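One structure is given here, and the rest of the page talks about it.
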Amino acid sequence: MTPQEAEIRKLARVLGVGAERLGYLADVPVEDLRELRERATTVLFDAHLGVLERMAGASKLLPIPVLAKMAERVFGPLLAARIAGLVEPSRGAEIAGRLSPAFLADVAAELDPRRAHGIIAKLPAGVVVAVARELSRRRDWITIARFVDHLPDATIVTSLEFIPDAALPEVAALLDDPARITKVRDLLPPERLAALPDHLR
(Lines give C-alpha, C1' and ligand atoms only; values in the text may rest on other atoms or scores of the structure.)
Protein backbone atom coordinates (compact mmCIF):
# COMPACT_ATOMS: atom_id res chain seq x y z
CA MET A 1 0.00 0.00 0.00
CA THR A 2 1.46 3.35 -1.03
CA PRO A 3 1.28 6.37 1.29
CA GLN A 4 -1.24 7.95 -1.10
CA GLU A 5 -3.44 4.85 -1.01
CA ALA A 6 -3.31 4.84 2.79
CA GLU A 7 -4.32 8.49 3.00
CA ILE A 8 -7.12 8.00 0.49
CA ARG A 9 -8.48 5.10 2.52
CA LYS A 10 -8.42 7.22 5.67
CA LEU A 11 -10.05 10.16 3.89
CA ALA A 12 -12.73 7.86 2.51
CA ARG A 13 -13.47 6.69 6.04
CA VAL A 14 -13.88 10.28 7.23
CA LEU A 15 -16.21 11.10 4.34
CA GLY A 16 -18.15 7.84 4.60
CA VAL A 17 -17.51 6.78 1.01
CA GLY A 18 -15.68 3.92 -0.66
CA ALA A 19 -12.00 4.54 -1.35
CA GLU A 20 -12.57 3.76 -5.03
CA ARG A 21 -14.64 6.95 -5.33
CA LEU A 22 -11.54 8.97 -4.43
CA GLY A 23 -9.22 7.27 -6.88
CA TYR A 24 -8.82 10.53 -8.79
CA LEU A 25 -6.73 11.80 -5.85
CA ALA A 26 -4.01 9.18 -6.39
CA ASP A 27 -1.53 11.73 -7.76
CA VAL A 28 -2.04 14.28 -4.99
CA PRO A 29 0.95 14.58 -2.61
CA VAL A 30 0.54 12.76 0.70
CA GLU A 31 0.91 15.96 2.72
CA ASP A 32 -1.97 17.58 0.84
CA LEU A 33 -4.17 14.51 1.28
CA ARG A 34 -3.45 14.51 5.00
CA GLU A 35 -4.29 18.21 5.25
CA LEU A 36 -7.53 17.63 3.35
CA ARG A 37 -8.45 14.79 5.70
CA GLU A 38 -7.71 16.88 8.78
CA ARG A 39 -9.74 19.80 7.45
CA ALA A 40 -12.65 17.52 6.58
CA THR A 41 -12.50 16.04 10.08
CA THR A 42 -12.55 19.51 11.62
CA VAL A 43 -15.53 20.59 9.53
CA LEU A 44 -17.49 17.45 10.36
CA PHE A 45 -16.73 17.55 14.06
CA ASP A 46 -17.38 21.28 14.39
CA ALA A 47 -20.71 21.15 12.57
CA HIS A 48 -23.48 21.86 15.08
CA LEU A 49 -20.82 22.44 17.73
CA GLY A 50 -23.12 24.66 19.78
CA VAL A 51 -25.78 21.97 19.99
CA LEU A 52 -23.20 19.33 20.89
CA GLU A 53 -21.74 21.53 23.62
CA ARG A 54 -25.20 22.01 25.11
CA MET A 55 -25.79 18.26 25.01
CA ALA A 56 -22.44 17.62 26.69
CA GLY A 57 -23.30 20.20 29.34
CA ALA A 58 -26.72 18.70 29.95
CA SER A 59 -25.17 15.25 30.31
CA LYS A 60 -23.59 16.39 33.59
CA LEU A 61 -27.05 16.31 35.14
CA LEU A 62 -27.62 12.62 34.42
CA PRO A 63 -26.22 9.61 36.29
CA ILE A 64 -23.49 7.77 34.42
CA PRO A 65 -25.44 4.46 34.14
CA VAL A 66 -28.30 6.35 32.49
CA LEU A 67 -25.93 8.11 30.09
CA ALA A 68 -24.33 4.82 29.11
CA LYS A 69 -27.71 3.32 28.25
CA MET A 70 -28.70 6.44 26.33
CA ALA A 71 -25.44 6.39 24.38
CA GLU A 72 -26.10 2.90 23.04
CA ARG A 73 -29.87 3.07 22.64
CA VAL A 74 -30.52 6.71 21.74
CA PHE A 75 -27.39 8.58 20.62
CA GLY A 76 -25.72 5.90 18.53
CA PRO A 77 -22.00 5.74 17.72
CA LEU A 78 -21.75 8.82 15.48
CA LEU A 79 -23.31 11.23 17.96
CA ALA A 80 -21.45 9.61 20.85
CA ALA A 81 -18.18 10.13 18.98
CA ARG A 82 -18.97 13.79 18.31
CA ILE A 83 -19.81 14.47 21.96
CA ALA A 84 -16.91 12.47 23.43
CA GLY A 85 -14.36 15.24 22.96
CA LEU A 86 -16.61 17.68 24.82
CA VAL A 87 -17.12 15.59 27.95
CA GLU A 88 -14.87 15.84 31.01
CA PRO A 89 -12.28 13.04 30.52
CA SER A 90 -12.80 11.18 33.80
CA ARG A 91 -16.56 11.16 33.34
CA GLY A 92 -16.21 10.16 29.70
CA ALA A 93 -13.93 7.27 30.62
CA GLU A 94 -16.38 6.09 33.27
CA ILE A 95 -19.22 6.16 30.75
CA ALA A 96 -17.09 4.27 28.22
CA GLY A 97 -16.36 1.62 30.82
CA ARG A 98 -20.07 0.81 30.94
CA LEU A 99 -20.48 0.44 27.18
CA SER A 100 -20.20 -2.81 25.27
CA PRO A 101 -16.97 -3.47 23.32
CA ALA A 102 -19.00 -3.73 20.11
CA PHE A 103 -20.54 -0.29 20.61
CA LEU A 104 -17.20 1.22 21.64
CA ALA A 105 -15.68 -0.20 18.47
CA ASP A 106 -18.42 1.54 16.49
CA VAL A 107 -17.67 4.79 18.34
CA ALA A 108 -13.92 4.39 17.81
CA ALA A 109 -14.47 4.13 14.06
CA GLU A 110 -16.24 7.52 14.12
CA LEU A 111 -14.00 9.21 16.67
CA ASP A 112 -11.22 11.72 16.13
CA PRO A 113 -8.73 10.44 18.74
CA ARG A 114 -7.07 13.86 18.98
CA ARG A 115 -10.27 15.36 20.34
CA ALA A 116 -10.88 12.60 22.86
CA HIS A 117 -7.27 12.06 23.95
CA GLY A 118 -8.13 12.82 27.57
CA ILE A 119 -10.77 10.10 27.69
CA ILE A 120 -8.61 7.59 25.83
CA ALA A 121 -5.74 8.15 28.26
CA LYS A 122 -8.02 7.36 31.21
CA LEU A 123 -9.63 4.22 29.82
CA PRO A 124 -8.76 1.03 31.70
CA ALA A 125 -6.45 -1.20 29.69
CA GLY A 126 -9.04 -3.98 29.75
CA VAL A 127 -11.58 -1.78 27.99
CA VAL A 128 -9.10 -0.75 25.30
CA VAL A 129 -7.97 -4.32 24.73
CA ALA A 130 -11.57 -5.52 24.41
CA VAL A 131 -12.19 -2.86 21.77
CA ALA A 132 -8.95 -3.75 19.98
CA ARG A 133 -10.04 -7.39 19.91
CA GLU A 134 -13.38 -6.39 18.38
CA LEU A 135 -11.77 -4.08 15.81
CA SER A 136 -9.34 -6.83 14.87
CA ARG A 137 -12.24 -9.25 14.44
CA ARG A 138 -13.76 -6.72 12.04
CA ARG A 139 -10.39 -6.23 10.34
CA ASP A 140 -10.76 -2.49 10.92
CA TRP A 141 -7.07 -1.67 10.63
CA ILE A 142 -7.74 2.01 9.91
CA THR A 143 -9.27 2.58 13.33
CA ILE A 144 -6.62 0.52 15.10
CA ALA A 145 -3.84 2.51 13.42
CA ARG A 146 -5.40 5.85 14.39
CA PHE A 147 -5.24 5.04 18.09
CA VAL A 148 -1.57 4.01 18.30
CA ASP A 149 -0.47 7.58 19.05
CA HIS A 150 -2.88 7.84 21.97
CA LEU A 151 -2.31 4.65 23.95
CA PRO A 152 0.34 3.72 26.52
CA ASP A 153 2.92 1.15 25.48
CA ALA A 154 1.62 -1.58 27.79
CA THR A 155 -1.86 -1.34 26.27
CA ILE A 156 -0.43 -1.41 22.75
CA VAL A 157 1.56 -4.54 23.58
CA THR A 158 -1.54 -6.36 24.81
CA SER A 159 -3.66 -5.13 21.90
CA LEU A 160 -1.06 -6.31 19.39
CA GLU A 161 -1.75 -9.87 20.51
CA PHE A 162 -5.07 -9.69 18.66
CA ILE A 163 -3.65 -8.36 15.40
CA PRO A 164 -2.46 -11.16 13.09
CA ASP A 165 1.02 -10.97 11.61
CA ALA A 166 -0.42 -10.63 8.12
CA ALA A 167 -2.24 -7.43 9.13
CA LEU A 168 0.76 -5.68 10.71
CA PRO A 169 2.11 -4.22 7.43
CA GLU A 170 -1.33 -2.77 6.69
CA VAL A 171 -1.62 -1.26 10.16
CA ALA A 172 1.88 0.19 9.78
CA ALA A 173 0.99 1.76 6.43
CA LEU A 174 -2.11 3.37 7.95
CA LEU A 175 -0.36 5.02 10.91
CA ASP A 176 -0.73 8.80 10.85
CA ASP A 177 2.87 9.24 11.94
CA PRO A 178 5.23 6.93 10.01
CA ALA A 179 7.77 7.34 12.82
CA ARG A 180 5.44 5.28 14.99
CA ILE A 181 6.30 2.22 12.93
CA THR A 182 9.56 2.01 14.86
CA LYS A 183 7.64 2.31 18.12
CA VAL A 184 5.28 -0.53 17.26
CA ARG A 185 8.11 -2.67 15.94
CA ASP A 186 10.04 -2.23 19.17
CA LEU A 187 7.03 -3.46 21.14
CA LEU A 188 6.75 -6.71 19.20
CA PRO A 189 8.31 -9.91 20.56
CA PRO A 190 11.22 -11.32 18.51
CA GLU A 191 9.19 -14.18 17.06
CA ARG A 192 6.70 -11.73 15.54
CA LEU A 193 9.42 -9.48 14.18
CA ALA A 194 10.62 -12.36 12.04
CA ALA A 195 7.22 -12.45 10.33
CA LEU A 196 7.42 -8.81 9.24
CA PRO A 197 8.49 -7.77 5.75
CA ASP A 198 12.10 -6.60 5.54
CA HIS A 199 11.17 -2.92 5.20
CA LEU A 200 9.41 -2.98 8.59
CA ARG A 201 12.16 -4.70 10.58
*Look at residue 134 and say whether it is under 16 Å from the mean Cα position of the chain (by Cα), over 27 Å from residue 36 (Cα atoms) and part of a helix (DSSP H, G or I).*
yes
*Test for residue 71: is it among the hydrophobic types (A, V, I, L, M, F, W, C) and closer than 18 Å to residue 14 by Cβ*: no
*Checking residue 90 against (1) crowded, with 19+ Cβ neighbours inside 10 Å; (2) in the same structural domain as residue 117 (by TED's automatic domain parsing), which test does it fail?*
(1)
*Would you please name the residue that is farthest from the chain's Cα centre (by Cα), looking only at residues in segment 150-179 that are of a type in the set (D, E, K, R) and buried (at least 16 other Cβ atoms within 10 Å of the Cβ)?*
170
*Enumerate the pairs (first residue in segment 25-49 and in contact (Cβ under 8 Å) with a residue 40 or more places away in the chain; second residue anywhere and not in a helix (DSSP H, G or I)) with beta-carbon separation below 6 Å, excluding pairs fewer than 6 apart on the same chain, so at least 6 apart or on different chains.*
41/112; 45/112
*From 96, 58, 102, residue being in contact with a Leu (Cβ under 9 Å, 6 or more places away or on another chain) and either touching a residue at least 12 places away in the same chain (Cβ under 8 Å) or farther than 26 Å from residue 34 by Cβ (or both)*: 96
*Would you please name the residue that is modelled with the lowest pLDDT, looking only at residues in segment 56-81 that are among the small types (Gly, Ala, Ser) and within 21 Å of the chain's Cα centre (by Cα)?*
56
*asked:* Can you go through 7, 53 and tell me which one is within 15 Å of the chain's Cα centre (by Cα) and either of a type outside the set (S, T, N, Q) or modelled with pLDDT under 85 (or both)?
replied: 7
*Test: residue 17 is without any contact (Cβ under 8 Å) to a residue 40 or more places away in the chain, assigned to a loop (DSSP other than H, G, I, E, B), under 17 Å from residue 118 (Cβ atoms) and not polar (S, T, N, Q)*: no
*Kindly establish whether residue 181 is among the β-branched types (Val, Ile, Thr), within 17 Å of residue 114 (Cα to Cα) and not in a loop (DSSP other than H, G, I, E, B).*
no
_Number of the exception - residue 67 against (1) in a helix (DSSP H, G or I); (2) of a type outside the set (Val, Ile, Thr); (3) not assigned by TED's automatic domain parsing to the domain that holds residue 100_ = (3)
*If a residue has to be part of a loop (DSSP other than H, G, I, E, B) and either among the charged types (D, E, K, R) or under 21 Å from residue 126 (Cβ atoms) (or both) to count, how many in segment 165-178 make the cut?*
2
*Here are some residues: 145, 109. Which one is surrounded by 16 or more Cβ atoms within 10 Å (Cβ to Cβ), within 21 Å of residue 11 (Cα to Cα), in the same structural domain as residue 62 (by TED's automatic domain parsing) and in contact (Cβ under 8 Å) with a residue 24 or more places away in the chain?*
109
*Any residue in segment 34-51 that is over 18 Å from residue 114 (Cβ atoms), charged (D, E, K, R), surrounded by fewer than 18 Cβ atoms within 10 Å (Cβ to Cβ) and out of contact with any Phe, Trp or Tyr (no Cβ under 8 Å at 6 or more places or on another chain)?*
no
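The values are calculated or read from the model by the stated rules, or taken from the named source; none is laboratory data. The structure displayed is predicted, hence computed values, not measured ones. Reconstructed Cβ throughout: ideal geometry from the backbone, glycine too, with neighbour counts over all protein chains shown.
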